[in-house]
Amino acid sequence: MTLKKLYVLAALAGLLVSDSVAAQQSGSSDRMRHQTVRPVQKRQPASRLATFSGTSAKSDGTATTADTTADKAAEDARSVASDASQVQQIPLREKIRPAVMTRVLEQSPDNSATSRRPIELTGFAPESEDDGDFLKSLDATPTPVPTLKKSPVVLQKKTRQQASVADHPVAAPQPNRSVPPLPATATATRGASEAMGPQRPAANLEWVYPTETTPGTECPVKLVISNPGTATLFGAVADVLIPAGVEILGTNPPAVDASATEMRWELGNLRAGESREIAMQIRARSAGEQQLEASVSLSAAATCRLNITEPKLAIQVTAPEDSELGQQTSVTVDVSNPGTGRAEDVVLVASLPEGLEHKSGAVVTIDIGTLNPGEARRARLSLTAIAGGGQQIELKAAGTGDLLAETTATVEVAEPELQLAMQVPDQEISGQSGTYVVQLENTGLVPAANVRARYLLPAGFEFLSADRGGRFVPADRAVEWFVGTVNAGETTGFTAILKAGRSGRSEHRVSAQTDFGEIAATEEVTQVEGSADLKLELATLNATVGTTLRNGQQTTLRILIRNAGSEAARSVGMSCELPAGFTLIDVEGPADYIAENGVLVFRSLPEIAAGDSAEFLLQVRCGRGGVQSSRIRIASASTAQPLIGELQTEVQN
């Protein structure tokens, strides 16, 4: 075996021993999860470094034979194996790095390492930041440097990254207090159909402390309690058990309960992601392993996140500015949801006035459905105006959950404005005829179509005639005219001739109608004055029926004046002219008279009341045969014309 092969075998043996030691160290590093600790750097003496030079190092004596060379190689191999076991062992994670060994090119007089430099065998990059650390691990053992070590205590297997020790002031311990227990799991749900799932509160506990310390030396220790979960921790309390070999010099924050063996801190509520730190200054009384144990008690909590939405309803109405009587008009209603939730089962109800008509009736119901937030839907009401003026519509929108919106809208309906007037005779006298005129005027802004006029006659009046095609309806005692269309501002008239009846108060009523009913009416009250109606009755008395008066006989002429009117006949006067064949013998009556040449003139009676009569008896003697005619004349201030009568009497010779 050549010398070169022996050196290679020695180097491989050293690597195998390093792997074994690194495996042991990796087992201990599992207890330090959140901490990365580099291998302890030790500097080896230059005389014990392994060499890989291809030639032996210089010595006091030189060997020239092959046996001497072989013996020397064997001794060097044993030396390499021994030195390799003493070189700082590289952790297992360092095995994947390229192997680097140091070759001594020249031995300096002072046996220093200044003349040594690395040789790259497998592509190692000398400028990489990790080669220096690796080479330093081959140096002589330096003075130990204290390092920080974290040992986490975890609830529900939650961890925290390494934290640095905070520089807090130290406070004195405080007395003990009780701690509530920690429930297992809390669950919050939104409803039967949508659940948030279980919410499990969790807490992480981490110790941050130096790797080692010495008795009597102050040592900073920090306990970090964090909430890595999604739920808030309520009433968290931390407890720390203190071993007998450890003395607590101070804490920040101060403990609420403190004794020689236990300390307690009230941490309050920890929201998700929040943490609390407890800084402690301790001092070990003696050497050996000391354990500070920490625990956290808390109350579990679950958060129920409810999305509270509020649906709303709003109504906006658009009505036409001008609508005409008898025409169709359209009203637009917008129902919207200005809220944040869904408005379900929305119904629009419109209550119509009497002046507006819809095919569905006086109450119109429209299903709007479901309105999402910010959504609006439009409904249209097709109406017919059957009355003029302001027509008010009541609108209501209702939905599930007592949703309600109300408003009113007014539709202005333009209608023709008809005005009626009557002209009557200045004086109405019972039994006399008169002319009655009806005037119709449209003072509105729109024409009136299919206008009809109707004149209702008072009781006791008699219809004689009418112009413009007016017809009398006996059943209604009314005169009707079909006028047709009366334009805006137009005036038209109608005439009827009537005969007044009995005296007294009379009411004349006239109306104008269209297809939508009566839109104008008027009344005129008149006073009918009564009139005297004188009747004249003449007769010959003392004459037997069927016999003839003879010459020389006496007879009586009877004159009866009767007032058949409704008013008294005033200043009733009478005159009587006797024939030449009669000779007046005597007169009986209510008034005096004078007689001259066969003519009798009676004094006027003051009045003859309605229904009364006045009787005059004239006794005469027949002096001549033949037919004798007597003429009577009645005049009164209550009658326009005198009343004349003639009585004929036949006399035989």
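The accessible area of Thr408, taken with all protein chains in place and a 1.4 Å probe, comes to roughly 80 Å².
The mean sequence separation of alpha-carbon pairs under 8 Å and at least six residues apart, normalised by the residue count of region 280-434, gives a relative contact order of 24 percent. Where does the charge balance sit around Val599 when Lys and Arg score +1, Asp and Glu -1, over other residues with C-beta under 11 Å from its C-beta? Taking every Cβ under 11 Å from that of Val599, the sum is 0. How much of the calculated P(r) for region 504-653 lies past 29 Å, in percent of all Cα pairs? Tail of the P(r) past 29 Å holds 37 percent of the pairs. With distances taken between every two different alpha-carbon atoms, region 435-504 has a Kirkwood hydrodynamic radius of 13.1 Å.
For the peptides 421-428, 554-561, 365-372, residues were scored by their other Cβ atoms within 10 Å and the scores averaged per peptide; the highest-first order is 554-561, 365-372, 421-428. Across region 605-653, Cα-Cα pairs farther apart than 16 Å form 57% of the total. The trypsin sites (Lys or Arg not before Pro) of region 452-537 meeting both criteria, a DSSP state outside H, G, I, E and B (loop) and at most 15 other C-beta atoms within 10 angstrom of the site's C-beta, are Arg468, Arg477, Arg502. Considering region 485-591 at the alpha-carbon level, its Rg and Dmax are found to be 27.9, 86 Å.
On the beta carbon distance between Thr230 and Gln327, with R0 = 60 Å, the FRET formula returns roughly 0.35. I'd like the Kirkwood hydrodynamic radius of region 314-354, using the inverse of the mean 1/r over distinct C-alpha pairs, in Å. So the Kirkwood estimate lands at 12.9 Å. Structural descriptor for region 400-552: relative contact order 27 percent, calculated from alpha carbon pairs under 8 angstrom and at least 6 residues apart.
For region 231-356, the spherically averaged projection of the C-alpha convex hull amounts to 15.0 nm².
Using DSSP to define loop residues, name the GluC sites (Glu not before Pro) in region 259-366 whose beta-carbon has at most 16 other beta-carbon atoms within 10 Å.
Sparse-neighbourhood loop GluC sites (Glu not before Pro): Glu274, Glu289, Glu321, Glu354.
Over region 209-309, Cα pairs under 8 Å with separation of 6+ residues give a relative contact order of 42 percent. Rounded to the nearest angstrom and listed largest first, the equivalent-ellipsoid semi-axes of region 389-465 from its Cα gyration tensor are 51, 16, 10.
Under the rule a/c < 1.5 gives rounded, and otherwise a/b versus b/c splits prolate from oblate, where does region 416-572 land using the Cα gyration tensor? It is prolate, given that a/c is not under 1.5 and a/b is the larger ratio. Shape summary: region 312-460 maps onto an equivalent ellipsoid whose semi-axes, from the alpha-carbon gyration tensor, are 51, 14, 11 Å in decreasing order.
The values are calculated or read from the model by the stated rules, or taken from the named source; none is laboratory data. All values derive from a computational prediction rather than experimental measurement. Don't worry about glycine lacking a Cβ; one is built from the backbone with ideal geometry, like all the others, and counts go over all protein chains shown. Accessible surface areas use protein heavy atoms only, side chains included; no ligands, DNA or RNA. Shrake-Rupley method; radii C 1.70, N 1.55, O 1.52, S 1.80 Å.
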